[in-house]
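First comes the structure, then the notes that go with it.
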Amino acid sequence: MADLTNNFIGIKSPNPFWLASAPPTDKAYNVNRAFEAGWGGVVWKTLGEDPHIVNVNGPRYGAVHSHDRRLIGLNNIELITDRPLQINLDEIKQVKRDWPDRALVVSLMVPCEEAIWKNMMRQVEDTGADGVELNFGCPHGMSERGMGSAVGQVPEYIEMVTRWCKENSSMPVIVKLTPNITDIRYPARAANAGGADAVSLINTVSSIVSVDLDKMAPEPTIDGKGSHGGYCGPAVKPIALNMVAEIARDAETAKLPISGIGGITNWRDAAEFLALGAGNVQVCTAAMTYGFKIIDELTSGLANWMDEKGHANLDSIIGKATPNITDWQYLNLNYVAKARIDQDSCIKCGRCHIVCEDTSHQAITEKVDGKRHFEVIDEECVGCNLCVSVCPVENCITMEQMADGVDPRTNSPINKNYGNWTQHPNNPASSA
Amino acid sequence: MTGKPQNAGAAALATDLHAPLTAHEAAVEADRCYFCHDAPCVTACPTDIDIPLFIRQIQTGNPAGSAATIFAQNILGGMCARVCPTETLCEQVCVRNEAEEQPVRIGQLQRYATDYQMATGEQPFQRAASTGKKVCVVGSGPAGLACAHRLALYGHSVTIIDRAAKGGGLNEYGIAAYKTVDNFASRELNYILSIGGIELQTGVALGTDKTLAQLKDEYDAVFIGIGLASVNEARLPGSELAGVRDAVEFIAQLRQTKDYSSLQPGRRVVVIGGGMTAVDAAVQARMLGAEDVTIAYRRGVERMNASQYEQELAQTRGVSIKCNLQPVAIAGDGAVNSIELEYTNDSGDGLAGTGETVVLPADTVFMAIGQAFDDGPLQGTALNLSQGRIEVDDERRSSDPAIWAGGDCIAGGEDLTVAAVQDGKLAAESIHRSLTA
C-alpha cells in the first residue's frame with residue numbers, strides 16, 4: 001500500500017489532504033469532525049484583529065451548476081472569521097492538543113503594520129499551531145480595507161509582510177496568493193524573496209456568478225444589491241493548475257514548496273496538482289458540496305492509483321509532470337495526430353460531426369453509403385481534439401499519433417525528427 | 001370527493017398510468033438529452049417534432065418555447081405525449097439506448113411542456129387574417145382537429161362536423177381511461193378550438209345529415225377524417241349470447257360513464273384479439289375488478305399489434321396473454337359461461353388449427369378483432385379506394401381534387417394518433433396551397 005504520509009515544509013500529516021482556510025475550518029466543532037473523518041490537516045479560517053468583523057446576514061454564496069445541478073462553481077462574499085480572536089486561539093490550542101498527528105496551520109489577515117503582525121504571530125505561536133498562512137488572497141470585502149488580495153496584488157507588500165512574519169516568529173510561513181493578477185510569478189517571487197517557506201494557491205477568483213433577472217441584481221443578492229465574490233470549485237481548477245505550474249517551472253521559485261488549491265474534488269485532481277509540483281493540496285468546495293466523508297475517496301483513490309503505477313510515496317509523484325510543461329514555441333510541429341472513432345462504442349449522436357462541420361475542419365462524415373455513420377476524414381483532420389472534447393462517450397474518440405507514412409491532409413511525409421517554431425521556415429526569427 | 005366512495009377500479013381508471021414529471025424530474029430528464037445532430041428521434045417522429053430543441057428549451061427553463069416547438073408540428077402534442085407508442089418511435093432510436101439502454105423519456109418531457117402551456121390557456125400562435133375561404137372537416141378525431149387547426153391558423157374558416165355527441169373522435173371515445181385522465185381529450189379539444197375560426201357541429205353525420213356532394217357545394221374544400229366506423233365481426237356459435245361484447249364499445253362506454261358499476265364484466269373475462277384495443281379492454285376489465293382476464297390471440301406473440309410495452313403493461317396489471325389460440329365457439333345458457341379455443345400453427349403458408357382445443361370459463365367475452373372502414377357515408381361521390389380505404393396522394397388529396405382525407409380512413413393509415421395528426425397537417429398545407437394558388 002502506498003505511503004500517503006506528507007511532510008510539507010516540516011509540517012507532518014497522515015495524508016496530503018488539508019482543508020483550506022474557509023467556512024469548514026471556522027471553529028473547533030467543524031475541525032474535530034474533519035479530523036474524525038480522516039483529513040490530514042486544516043488551515044484554520046482566517047483570523048483578524050478584534051473587534052471581529054461582521055458578515056452580511058443574507059446569502060453569502062452564489063453557484064454555477066452543470067447538468068443535473070452538479071455544483072461546478074461556487075462564489076462567496078463571506079469575510080474572515082466573525083468570532084472574537086481569543087475564542088479562536090483557545091480552540092486552536094485545544095484542537096492541536098487533541099490531534100497532535102494532524103497538521104494545523106492558522107490563516108491570518110491583519111492590516112499592513114509590523115507591530116500588528118508581530119503581535120498576531122506571537123499569539124498564534126502560543127497555541128502550538130504548526131504554522132501560519134498569510135491570506136493575501138481574498139478578493140472581496142477585506143480587499144476594500146487594504147487587506148487580502150489588495151496585498152497580494154502588490155509584490156512589494158507581499159515581500160514586506162512575509163519578512164515581518166519570518167523575522168518575528170520561528171513558525172513556518174506559507175503565503176497564500178491571489179489569482180487576480182496578470183502574472184502569478186511576480187507575487188510568488190516576492191514571497192520567496194521575503195523568506196516564505198511556501199506559497200499556497202489559488203485563492204478565489206473575483207467573480208459575479210449570476211444575475212437575478214427579476215431583481216436585476218447580481219447574486220448572491222443582499223437587499224437588492226450584490227458585490228463581487230470569490231469564485232472557487234471545479235470550474236477554477238484549470239486556472240489553479242496553470243498558476244501552480246508557472247511557479248513550479250520558474251527558475252526563481254522552482255524550489256519554493258507549493259500547497260495546491262483550486263477545485264480539487266477527487267483523487268485525480270489531487271494527483272494532477274502533485275504532479276505539477278504541489279507538495280500537498282488543500283480542499284474546500286468539494287467538502288462544502290458533499291461533506292467531509294469525501295476524504296475516504298480522496299485517500300483510497302490516490303493510494304490505489306499510486307499502487308497501480310508503482311509509486312511508493314508522495315515524493316515519487318510530486319513534480320513529475322513539471323518538466324513536461326514548456327512554451328508553445330518548443331512544441332514538436334512534426335508530431336501528427338488524427339482522431340479515431342471507435343465504431344463499437346459510438347452511440348451515433350452526431351455531435352462530433354456537427355461541431356467539426358459547423359465550427360472546425362469538416363473532417364467527420366455524416367453518412368457513409370447513405371447510412372448514419374461518423375468517421376474521420378484524414379485528408380481534413382488537423383487533429384484538433386474538438387470531437388474528443390464533445391463526445392459524450394469516454395474513449396470513443398481518441399487522438400492517435402500518425403508515426404510514419406504520409407499525412408493525407410498535407411501530402412507531406414511524416415518527419416520523425418523534432419522540429420519546433422523556433423526552427424520553422426515560416427518564422428521570421430527562425431534559427432534554422 | 002363527494003358522494004358515495006368510488007371503488008378501487010374506478011380509482012385506477014381515473015389515475016394516470018404514469019404520473020406527470022415534476023419540474024425537478026423534468027430538469028433531470030432533460031439534462032440527459034445529448035442534443036444530437038440530425039437526431040434519430042426527430043426522424044422517427046411521424047410529425048417531425050424538433051425533439052432535441054424542445055428538450056433543450058425545457059432544460060433552459062423555457063417551457064413556453066418548448067411547447068411552441070412541439071405545437072408547431074403537432075397541435076395534439078399533449079395527447080400524443082400520453083398515447084404515442086414512444087418505445088417504437090422516438091424513444092426506440094434515442095442514442096441513449098446505445099449508451100445505456102435507457103432512452104430519454106421524450107414522451108413524458110413532451111407532456112411536461114404541453115401541460116405547462118395548456119395550463120396557461122394560451123396558444124403560442126396568432127391566427128392570420130381571414131381569407132374568406134371555407135373548409136369542411138368531417139370528423140373531429142386527431143386527423144380532423146390537426147387539419148382544422150392548421151387551416152384556421154392560415155385564416156380559413158373551418159366547419160367540423162362529427163356524428164358523435166361530443167367532439168374528439170377516438171381521443172374521446174377510443175382510448176383507455178387511464179391514458180387520458182381528467183377529461184384531457186375534451187380539454188385538448190377546447191384548447192385547439194381556441195385558435196378561433198373553427199365551428200364544431202356535433203351530431204351531424206356524413207351520408208345521412210350531409211352528403212359529400214352537398215359539402216363540396218357549400219365549401220371550398222373538404223377533409224375527411226372519419227376513421228374506421230365498422231367493427232369486424234366473428235361469426236361464432238354463441239356470439240349472440242349475453243356477455244359477448246364489442247371491446248371498442250366497452251372502451252367508449254367506460255370513457256363516457258360516471259358509474260362504472262353498470263359496466264362490470266364479471267369475474268372471468270376473455271378478450272379475443274391482439275391489438276391495442278384488446279389490451280385497453282383487458283387492463284380496464286382488471287381495473288373494474290375481474291379476477292381472471294385472458295387475452296387470446298390467434299397468432300404468435302411476434303405478430304401482435306399491441307406493442308411490447310402494451311403487452312408488458314397488460315401482464316403487470318395481471319392480464320394473461322395466450323397466443324396461438326383462435327375462438328371456436330362460445331357456450332352458455334342465455335349468458336356466456338365459457339369459450340372454446342383451438343390451438344393454431346402459424347406456418348409460412350397461413351394459419352391452421354391443430355384440432356386441439358381448450359375451454360376457458362368466461363362471464364364476458366370481449367371481441368377486439370379489428371375495425372374496418374365503412375364507405376357508406378361516401379355514397380354518391382366516387383372516391384377511389386385502395387385496400388378498402390380512401391386512396392390519397394402524398395399530400396393526402398383524394399382522387400377528387402376538392403377532397404382530402406387522413407387518419408385511419410385512408411389507405412396506409414397506421415392506426416396511430418400521431419400519424420393521423422401528420423395526415424391532417426399535411427392535408428391542411430395542401431388545402432392551403434390549393435386555396436391560395
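Every read-out reported here was derived from the displayed coordinates using simple, explicitly stated rules and does not represent laboratory data. Small disclaimer: the values here were computed from a predicted structure and weren't measured. Here the Cβ positions follow ideal geometry from the backbone for every residue, glycine too, while neighbour counts run over all protein chains shown.
The distance from the alpha carbon centre of segment B:311-382 to that of segment B:174-212 is 31 Å, rounded to a whole number.
Dipole size of chain B about its Cα centre, with +1 on Lys/Arg Cβ and -1 on Asp/Glu Cβ: approximately 940 debye, rounded to the nearest 20.
Using a 10 Å cut-off on Cβ atoms, rank the peptides B:64-75, A:217-228 from the highest mean neighbour count down. Could you put the intermediate results ahead of the total?
On the way: B:64-75: 22.9, A:217-228: 16.0.
Packing proxy ranking, top to bottom: B:64-75, A:217-228.
For segment B:14-120, the extents of the C-alpha atoms along the principal axes are 36, 28, 26 Å, listed from largest to smallest. With both residues required to sit in segment B:231-370, DSSP beta bridges show an antiparallel share near 50%. Compared with the rule-of-thumb size 2.2 N^0.38 Å for a compact globular protein, chain B has a Cα radius of gyration ratio of 1.01. Taken along its three principal axes, the alpha carbon spread of chain A comes to 77, 54, 48 Å, from the longest extent down to the shortest.
Give the percent of DSSP beta bridges with both residues in the protein assembly as shown that are antiparallel, rounded to the nearest 5.
The antiparallel fraction comes to roughly 45 percent.
Other protein chain C-beta atoms within 10 Å of residue C-beta, averaged over B:28-38: 5. For the residues A:Gly146, A:Gly48, A:Gly62, a GNM of chain A with alpha-carbon springs under 10 Å puts the largest fluctuation on A:Gly146. Taken about its Cα centre, the protein assembly as shown carries a charge dipole of about 1280 debye when Lys and Arg each add +1 at the Cβ and Asp and Glu each add -1 at the Cβ.
In this model, which of A:Lys255/A:Lys309; A:Lys12/A:Lys93; A:Lys338/A:Lys371 are farther than 20 Å apart at the alpha-carbon? Spell out each step's value before the answer.
Values: A:Lys255/A:Lys309 26 Å; A:Lys12/A:Lys93 17 Å; A:Lys338/A:Lys371 23 Å.
Distance filter (> 20 Å) returns A:Lys255/A:Lys309; A:Lys338/A:Lys371.
In terms of surrounding Cβ atoms within a 10 Å radius of their Cβ, A:Trp99, A:Trp117, A:Trp328 rank from fewest to most as A:Trp328, A:Trp99, A:Trp117.
Per-residue counts of other Cβ atoms within 10 Å, averaged by peptide: what ranking do you get for A:180-187, B:271-278, highest first?
Details: A:180-187: 17.8, B:271-278: 25.8.
Averaged packing, sorted descending, gives the order B:271-278, A:180-187.
When ranked by the protection proxy of mean other Cβ atoms within 10 Å per residue, highest first, what sequence do the peptides B:79-88, A:118-127, A:368-377 form?
Numbers: B:79-88: 22.4, A:118-127: 17.5, A:368-377: 14.1.
Output ranking for B:79-88, A:118-127, A:368-377: B:79-88, A:118-127, A:368-377.
In chain A, with Lys and Arg counted as +1 and Asp and Glu as -1 at Cβ, which of these residues, A:Val161, A:Asn313, A:Val209, has the Cα nearest the positive end of the dipole, that is, farthest along it? The residue sitting most towards the positive pole is A:Val161. The Cα atoms of the protein assembly as shown define a convex hull whose projected area, averaged across directions, is 51.0 nm².
Which angle between 0 and 90 degrees, to the nearest 10, do you get for helix B:63-73 versus the longest principal axis of chain B when only C-alpha atoms count? Relative to chain B, helix B:63-73 is tipped by roughly 80 degrees.
Counting only other chain Cβ atoms within 10 Å of each residue's Cβ, the peptide A:66-72 averages 3. Identify, among B:Ser347, B:Gly243, B:Gln256, the residue whose Cα sits farthest towards the positive end of the charge dipole of segment B:231-370, taking +1 on the Cβ of Lys and Arg and -1 on the Cβ of Asp and Glu, with the dipole about the Cα centre. Checking the options against the dipole of segment B:231-370, the answer is B:Gln256. Here segment A:127-240 carries DSSP beta bridges of which approximately 50% are antiparallel, counting only pairs with both residues inside. Beyond 20 Å, what share of the Cα-Cα pairs of segment B:231-370 is found? Please give it as a whole percent. Summing the P(r) tail past 20 Å for segment B:231-370 gives 42 percent. Helical runs assigned H by DSSP (4 residues or longer) give chain B a calculated mean residue ellipticity at 222 nm of -10000 deg cm²/dmol, each run adding -39500 (n - 2.57) before division by the residue total. How well do other chains shield peptide A:338-348, expressed as the mean number of their Cβ atoms within 10 Å of each residue Cβ? Mean partner-chain Cβ count within 10 Å for A:338-348: 2. Cβ screening of chain A for cysteine pairs under 4.7 Å finds these without a partner: A:Cys112, A:Cys138, A:Cys165, A:Cys232, A:Cys284, A:Cys346, A:Cys356, A:Cys381, A:Cys384, A:Cys391, A:Cys396.
Between the residues B:Ser66, B:Pro124, B:Asn232, the greatest Cα displacement towards the positive end of the dipole of chain B, with unit charges on the Cβ of Lys, Arg, Asp and Glu, is found for B:Pro124.
Given the DSSP H assignment, sum -39500 (n - 2.57) over each helix run of at least 4 residues in chain A and divide by its residue total; what's the result at 222 nm in deg cm²/dmol, nearest 500? Let's see the in-between values first.
Values: 12 runs with 121 residues, N = 432.
Mean residue ellipticity at 222 nm (helix-derived): -8000 deg cm²/dmol.
The charge dipole of segment B:102-188, taken about its Cα centre with unit charges on the Cβ atoms of Lys, Arg (+1), Asp and Glu (-1) only, comes to about 240 debye. Just to compare against my own numbers: the Cα pair-distance distribution for segment A:173-288, 5 Å bins, whole % per bin, please. Computed distribution, short to long bins: 2, 12, 21, 20, 16, 11, 7, 6, 3, 1, 0.
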